[in-house]
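J.: There's a structure below that I have some questions on.
The values are calculated or read from the model by the stated rules, or taken from the named source; none is laboratory data. Values in this document were obtained by computation on a predicted structure and should not be read as measured data. FYI the Cβ positions are ideal-geometry reconstructions off the backbone, even for glycines, and counts take in every protein chain you see. Note: areas computed on protein heavy atoms with side chains; ligands, DNA, RNA excluded. Shrake-Rupley method; radii C 1.70, N 1.55, O 1.52, S 1.80 Å.
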Amino acid sequence: MSSLPLASEFPPASREAWMGRVEKVLTGAPFDRKLVGRTYDGIRIEPLYGKADAPEPVPGRAATPWRVACRIDHPDPAEANALALADLEGGAGALVLSFAGAPAARGFGLRATEPGDLSRAFSGIMPDIIPLSVESAPFGGRAAAALVAAWAREAGPAPAS
């Protein structure tokens, strides 16, 4: 949103101009006592903050945009697929495959024992362009990885490394 035609009709805002108006409204009352809050543990909460500086990049990690990741965790592959497609159509940009028994599955999790189960769960989803994260059951990581790899081989294009 670099062009906001309505905003161009107003002068640029500054903290000094804002403070001038605030002082008129406060009519001598102390700014810190009227407009500055504090958390329970004493951290100051300002009524207005400026634009934050860009964070320092993490060394060794490429800067990438945030993604909304939705879970594939319904036990039935067909139902998991319908839910995943709805999430992707709704704006999700990544998926988290949570197998049954995974701690994060919260009692659910996809029940998949063969590549065909994953084929049903990912029907209509392009695995070469949708980032995928996998959550497996404790001590089941190798089996989950082997199952996902077997499915990926059957699905077509190799996943990006």
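J.: Which of the residues belonging to region 118-144 are within 15 Å of ASP73 (Cβ to Cβ) and buried (at least 18 other Cβ atoms within 10 Å of the Cβ)?
T.: LEU118, ALA121, PHE122, GLU135, SER136, ALA144
J.: Shifting gears a bit: Kindly indicate which of ALA150, ALA112 is touching a helix residue (DSSP H, G or I) at 6+ places or on another chain (Cβ under 8 Å), in a loop (DSSP other than H, G, I, E, B) and open to solvent by less than 80 Å² (accessible area, probe 1.4 Å).
T.: ALA112 is the lone residue from the list that is touching a helix residue (DSSP H, G or I) at 6+ places or on another chain (Cβ under 8 Å), in a loop (DSSP other than H, G, I, E, B) and open to solvent by less than 80 Å² (accessible area, probe 1.4 Å).
J.: Given (1) assigned to a loop (DSSP other than H, G, I, E, B); (2) surrounded by 10 or more Cβ atoms within 10 Å (Cβ to Cβ), identify the lone condition not met by PRO55.
T.: (2) is the only condition that PRO55 fails.
J.: So, one more: Anything in region 83-100 that is open to solvent by 50 Å² or more (accessible area, probe 1.4 Å) and more than 18 Å from the chain's Cα centre (by Cα)? List them, or say none.
T.: Across region 83-100, there are no qualifying residues.
J.: I'm trying to understand the selection: among the residues of region 25-52, which are in contact with a strand residue (DSSP E or B) (Cβ under 7 Å, 6 or more places away or on another chain) and open to solvent by less than 70 Å² (accessible area, probe 1.4 Å)?
T.: Passing the criteria: VAL36, GLY37, THR39.
J.: Restricting the search to region 58-78, which residues are open to solvent by 80 Å² or more (accessible area, probe 1.4 Å) and either in a strand (DSSP E or B) or in contact (Cβ under 8 Å) with a residue 60 or more places away in the chain (or both)?
T.: Correct list: ARG67 only.
Results for (1) modelled with pLDDT under 85; (2) basic (Lys, Arg), shown as yes or no for each residue.
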| position | (1), (2) |
| --- | --- |
| SER8 | yes, no |
| LEU35 | no, no |
| LEU48 | no, no |
| ALA102 | no, no |
| ARG106 | no, yes |
